[in-house]
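The values are calculated or read from the model by the stated rules, or taken from the named source; none is laboratory data. Source: prediction; values computed, not measured. Using ideal geometry, Cβ is built from the backbone for each residue, glycine included, and neighbour counts are taken over all protein chains shown.
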Amino acid sequence: MSTPPSLRGGARERLQHWLPRLVLSPSFVLVLFFVYGFILWTTYISFSNSGMLPDYTWAGTRQWSRLWSSWTWGIALHNIWVFGLLYIVTCTALGLLLAILLDQRIRAEGALRTIYLYPMALSFIVTGTAWQWFLNPGLGLERTMHSLGWESFSFNWLIDANMAIYTVVIAAVWQATGFIMAMFLAGLRGIDGEMIKAAQIDGAPTWKIYGRIIIPQLRPVFLSAIVVLAHLAIKSFDLIVAMTGGGPGNATAVPATFMYSYAFSRNEMGIAAASAVFMLAVIAALIIPYLYSELRESRS
Amino acid sequence: MTIMFNKCLMAGVIPLAIALSSTAFAQESTGKGEVEVLNWWTSGGEAKALGALKDQLADDGIGWQNMPVAGGAGTNAMAVLRSRITSNNPPTAAQVLGYDAQDWADRDALSSLDDVASAGNWDEVFPQPIQHFAKSDGHWIAAPFEIHSTNWVWANKSMMDELGIQQPGSWEEFMASMKKAQDAGHTGLAYGGQPWQDATVFENVVLATGGADFYRRAMIDLDPEALDSDTMIRSFDRFRELLQYKDDNSPGRDWNLATAMVINGDALYQIMGDWAKGEFLNAGLEPEQDFMCFRTPGTQDAVTFNSDLMIMFKNDNDQQQAMQRTMAEIIGSPEFQMTFSQLKGSVPARTDLLADKLDACAQRGYEQAKAAAESDTLMGSMAHGYAAPASVKNAVFDIVSSFVNSDMPSDVAAEQLAMVVQGARS
Amino acid sequence: MSAGATVARRNTLGRALLYAVLAVFAILYLMPLYVMLVTSFKPLEEIHQGNMLALPDTWTFAPWREAWGSACIGLECSGVHGYFFNSIKIVVPAVLISGLLGAFNGYVLTKWRFRGHKIVFGLILFSCFIPFQIILLPMARVLGILHIANSTTGLVLVHIVYGIGFTTLFFRNFYESFPDELVRAAKLDGAGFFTIFFRILLPASVPIIVVTIIWQFTNVWNDFLFGVSFTSGDSAPITVALNNLVNSSTGVKAYNVNMAAAMVAAVPTLIVYILAGKYFLRGLMSGSVKG
């Protein structure tokens, strides 16, 4: 009570000044340590002699050159390229198609949206288990077709080293399309109707309206969708573990499974760290410009 | 610039490293008279054999906290072990294979078992090749459970009788018999397409093709000239020939599901270690009557082995240490070695026991292993990490599995094999 | 305003085709779930007879009972129920704490800005995108130091740390469009930092809270990489247990039990999506999630 109001106000103001930062700081410290500190640690390990356990002696670029001369790493890179490209293109195309179709004043829109979206709710381990069984030639689809009388039906991609990666694409697309559809649907609902009306009055056919007016306006959604999909692709791990375990042979190895296998079963922590740093670098090259432009745009 | 960067990095990382590796963060005791044992013995016979250890420990009043990690011939289990050790939270003991025990010993992570070993005269009763893996710098650091050998063929007896197939004595006869089975609408070779299984079959072919000396030069000494030799190319040729008798649905199949194909009469043979026998016995079948076992044709005089080892992790807790010693004593004892092998389908790692309690296959296997130990042809299995360390083993897996799952020519495979082995050793 | 609604015209044949296409996709999307469900109710002999699309001839709950209570994962034959509860023990605190932190962060980053707020946000946001492989090795070490390795507590920490990025993103984008005037007026009235948050922003945040909870719940429940890397045995989450169950075969693969176990692992997230999916989509569509 005895404190003068002005001073009280000053303390209070100071508190109000620092409080927001104080509230933010635990999260920020956690992120600094657990994300950026760990990135530094792993980067250092990639330049060390670490094998089964961390070893902090400096090894220069030895692990990096071993990584790049590794047989499996080449396969993993090739696979992630094939997988990533197909996954991004198919998901985007299918997601856009479903969004446009759903946007036509569909009676059961709510139910259909839920149906398209539900795979996203499932763990990759669950879907991997299901798809593995579904695509297993001895038990699943192929067998079912045979028992329905279609004797010549053959679908053995899951166990064909050249085709197995495509089965992973199928399952991954099935899982993610709904989410991409939702993003496009949100974009479609945000489009200004005036221009469309004007085009209609001019007698433009529907496909032209979509091609010339609507889809070009969805450009930001495309960008977001591609960024989200690309980073999901590079991180994909669970689905491959559950569906193919990286096999047959190494046919479906990707950088994420490569890293796990080198870190934990091959006693090659240094190479594993190098591969993780490489994955991070690729994602960073993709994400940082995107985040930068997003953050700059928002409220200038 | 770079130097400064390095210095900053070192300044930050080194103290962290010291803090991380310091023993100040010793693990907590696992509990009240309980051992925690990491293993991947999850299949029928294996699980029963492990149960025998659990029972014996229970007789000594020691509780059992099982820590099974299924899958991948121990790959997953080793992944878990590594992260447990990395996080300073080791289990009491772990089942490991091959060089893994040495690696952990090099890390100074293991309890010495010397007192148990000298009391049990382990230096005399376990053969040299086993000691090579269970001892480090002259100290015992692991208790060997058994000897498994990987150069066995398991055959469906009734199918052999039906098709008039005699036990094949040569590679050519072996191929011909599978051809017969295939012509009769069966699968010639029950095959599980997983990297370690690919490699198991492959090492059989190498041994059959090049003989014991070649196997040692290529797979154990990792001689580049042997790896990329005509004999190796011929081995790959034969491997390809063999692979045509597997069914199309083999990729990813577990070994015991392949064994089930032989048991159920879908397939004639399986090339697999003697743990496969446990599946036959579990199905109530009798060796020599319901199923046949014989050494892979061409490998009769040698035995490629692997041996499960139990390693014990260093621990400050006296009670845990005492329990570790008890566990090692039990594992090394003649009675347990016999019981365990009877259940698991292996033969005892001790060579001073009488074989009469074992079944027909194991009796033969036990005598062969003893003989091989005498004649220096008891050699580590590449597929199971007893020929070369994990990094080399996995590099071999890479090539062998790629060979199985593609139409890679044999000469390319041999060349690549020499190259990746070199790469893994660099 | 829906673009399609503006474009759409009456055309019976076209409409029929449209519905047909949508229905075909719906069937394709439902197929795997349907197969899992019917398989989980079939006795094993029926599965080996072939047609995976057929309804069971004899319905049996045995696979579900086995998956829940008696299936063998290694030597332990007590099903997946223990791991199911592990996952719950992980999910609840992880979602609540990371959500709360995210809400505060979003609030500070939009209504109490300071110099460098964009950099701070950028740094936090980037953590959503890192490949988690890069933190596996050091994380294992730190969990050991904190004595929470191989425990559900450890996984809670991991999920909080790597969930902050997303929760902050959600709340920041949501509060960005929350009118500054209201906050300014409250400040003039003398309301403090927390008062404004709890009295003004939080009550208006229900849509984004729903989005955040659904997102985090699904992510944490479905995590496999952290679970398999940092836990084993009794403290593993359901996804790890499911993978172990599917991979521990004892001569005969019990596909029906595997599918029942997979369904057990899937049910909580499925229920959340079916019940609250509408709000999730609404949240997405209000532009609160940019990607």
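A few notes on this one:
- Tally, over region A:120-132, of residues that are part of a helix (DSSP H, G or I), buried (at least 24 other Cβ atoms within 10 Å of the Cβ) and of a type outside the set (Gly, Ala, Ser): 6
- Matching strands (runs of 3 or more DSSP E) fully within region B:138-188 where at least 1 residues are within 30 Å of B:GLN321 (Cα to Cα): B:142-144, B:146-149
- Residue in region B:182-200 that is of a type in the set (Val, Ile, Thr), crowded, with 24+ Cβ neighbours inside 10 Å and modelled with pLDDT of 95 or more present: yes
- Taken over region C:78-131, the criterion of being over 25 Å from A:ARG296 (Cα atoms), aromatic (Phe, Trp, Tyr) and buried (at least 23 other Cβ atoms within 10 Å of the Cβ) is satisfied by C:TYR83 alone.
- For region C:57-73, filtering for residues that are touching a helix residue (DSSP H, G or I) at 6+ places or on another chain (Cβ under 7 Å) and buried (at least 16 other Cβ atoms within 10 Å of the Cβ) leaves 7.
- Test: residue in region A:95-105 that is under 18 Å from A:LEU229 (Cβ atoms) and of a type outside the set (A, V, I, L, M, F, W, C): yes
- C:GLY190 vs. criteria at the interface with another protein chain (Cβ under 10 Å from one of its Cβ atoms), in contact with a Pro (Cβ under 9 Å, 6 or more places away or on another chain) and not hydroxyl-bearing (Ser, Thr, Tyr): no
- Scanning region A:109-144 for residues that are farther than 18 Å from A:ILE240 by Cα and away from chain B (no Cβ under 14 Å) yields a count of 11.
- Yes/no for A:LEU101 being out of contact with any His (no Cβ under 9 Å at 6 or more places or on another chain), surrounded by fewer than 21 Cβ atoms within 10 Å (Cβ to Cβ), at pLDDT 90 or above and more than 7 Å from chain C (Cβ to nearest Cβ): no
- Segments classed as helices (runs of 4 or more DSSP H), wholly inside region A:133-221, with at least 2 members that are touching a residue at least 24 places away in the same chain (Cβ under 8 Å): A:164-189
- Here A:GLY247 meets each of (1) within 7 Å of another protein chain (Cβ to nearest Cβ); (2) assigned to a helix (DSSP H, G or I) with one exception, condition (2).
- Meets criteria (surrounded by fewer than 22 Cβ atoms within 10 Å (Cβ to Cβ), more than 10 Å from chain C (Cβ to nearest Cβ) and over 23 Å from A:TRP71 (Cα atoms)) for A:GLY193: no
- Boolean, A:ALA76 is more than 8 Å from chain C (Cβ to nearest Cβ), buried (at least 21 other Cβ atoms within 10 Å of the Cβ) and either β-branched (Val, Ile, Thr) or touching a residue at least 12 places away in the same chain (Cβ under 8 Å) (or both): yes
- Subset of region B:322-353 [out of contact with any strand residue (DSSP E or B) (no Cβ under 8 Å at 6 or more places or on another chain) and among the β-branched types (Val, Ile, Thr)]: B:THR326, B:ILE330, B:THR339, B:THR351
For every residue, the table says whether it meets (1) more than 14 Å from chain C (Cβ to nearest Cβ); (2) in a helix (DSSP H, G or I); (3) buried (at least 24 other Cβ atoms within 10 Å of the Cβ); (4) in contact (Cβ under 8 Å) with a residue 12 or more places away in the chain.
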residue	(1), (2), (3), (4)
B:GLN65	no, no, no, yes
B:ALA77	no, yes, yes, yes
B:ARG82	no, yes, no, no
B:ILE85	no, yes, no, yes
B:ALA94	no, no, yes, yes
B:ALA105	yes, yes, no, yes
B:SER118	yes, yes, no, no
B:GLU124	yes, yes, no, yes
B:PRO129	yes, yes, no, yes
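- B:PHE291 falls short on exactly one of the conditions (1) over 19 Å from the mean Cα position of the chain (by Cα); (2) within 30 Å of B:ASN89 (Cβ to Cβ); (3) in the same structural domain as B:VAL420 (by TED's automatic domain parsing), and that condition is (2).
- Where helices (runs of 4 or more DSSP H) sit wholly within region A:14-108, those with at least 2 residues that are within 30 Å of A:ALA164 (Cα to Cα) occupy A:62-68, A:71-102.
- Counting residues in region B:351-371 that are of a type in the set (Ser, Thr, Tyr), exposed (fewer than 15 other Cβ atoms within 10 Å of the Cβ), touching a residue at least 40 places away in the same chain (Cβ under 8 Å) and out of contact with any Gly (no Cβ under 9 Å at 6 or more places or on another chain) gives zero.
- Top-ranked residue of region B:382-395 - restricted to ones that are touching a helix residue (DSSP H, G or I) at 6+ places or on another chain (Cβ under 6 Å) and closer than 19 Å to B:MET272 by Cα, ranked as surrounded by the most Cβ atoms within 10 Å (Cβ to Cβ): B:MET382
- Pick from region B:399-426, criterion small (Gly, Ala, Ser) and closer than 16 Å to B:THR231 by Cβ, ranking: surrounded by the fewest Cβ atoms within 10 Å (Cβ to Cβ): B:SER410
- Selected residue (only one of B:GLY252, B:GLY265 is within 19 Å of B:VAL404 (Cα to Cα) and at pLDDT below 95): B:GLY252
- Residue in region B:227-242 that is under 15 Å from B:GLY188 (Cα atoms) and within 14 Å of another protein chain (Cβ to nearest Cβ) present: yes
- Only one of the numbered conditions (1) free of Cβ contacts under 8 Å to residues at least 12 places away in the same chain; (2) buried (at least 24 other Cβ atoms within 10 Å of the Cβ); (3) aliphatic (A, V, I, L, M) is violated by B:ALA322, and that is (2).
- Any chance B:GLY71 is within 7 Å of another protein chain (Cβ to nearest Cβ), modelled with pLDDT under 85 and either touching a helix residue (DSSP H, G or I) at 6+ places or on another chain (Cβ under 6 Å) or surrounded by fewer than 20 Cβ atoms within 10 Å (Cβ to Cβ) (or both): yes
Residue-wise test of (1) of a type in the set (A, V, I, L, M, F, W, C); (2) farther than 30 Å from A:LEU232 by Cβ.
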site: A:LEU15; (1), (2): yes, yes
site: A:LEU22; (1), (2): yes, yes
site: A:VAL35; (1), (2): yes, no
site: A:ILE39; (1), (2): yes, no
site: A:ASN49; (1), (2): no, yes
site: A:MET52; (1), (2): yes, yes
site: A:TRP58; (1), (2): yes, yes
site: A:TRP64; (1), (2): yes, no
site: A:ILE88; (1), (2): yes, no
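- Taking region A:145-168 as the range and being away from chain B (no Cβ under 14 Å) and of a type in the set (A, V, I, L, M) as the test, the residues that pass are A:MET145, A:LEU148.
- In the condition set (1) within 27 Å of B:HIS384 (Cβ to Cβ); (2) more than 10 Å from chain C (Cβ to nearest Cβ); (3) of a type outside the set (Lys, Arg), A:ASP202 is compliant with all but (1).
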